[in-house]
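Engineer: Provided herewith is a single structure, encoded as structure tokens, for subsequent inquiry.
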Amino acid sequence: MSLNASLENSGPTSEPAAAPVRDDDVLLTVPQVANRLQVHVEVIRRWVRKGAMQHVRVGPGRGLIRIEESELRRHVRRGQS
């Protein structure tokens, strides 16, 4: 099963739907994104909860948050916080 298919089959959550992952995009962890933007990891988690930053969840249960490198670039260009 592909990553996108497993994301589509995940159960309902209180968070916005995860975005499909492009095959050629790098997935970054929350600490990696926070480090690149020089903000605390909780800032990134807040943006994810608010839907201001698209993400995917990887792994069992709710999964671990991963953010595509292209989404990070889009977020910076939009100047969102």
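Coordinate-derived values only; no laboratory data. It should be emphasised that the depicted structure is a prediction, and the values quoted were computed from it without experimental measurement. Ideal geometry is used to build each Cβ from the backbone, glycine not excepted, and the neighbour counts take in all protein chains shown.
Engineer: Once label points are set 7 Å from the Cα along Cα→Cβ at both Arg45 and Arg74, what is their separation, rounded to one decimal in nm?
Structural biologist: Output for this residue pair reads 2.4 nm.
Engineer: Roughly speaking, what % of Cα-Cα pairs in the stretch 22-81 are separated by over 13 Å, rounded to a whole number?
Structural biologist: For the stretch 22-81, the share of Cα pairs beyond 13 Å comes to 59 percent.
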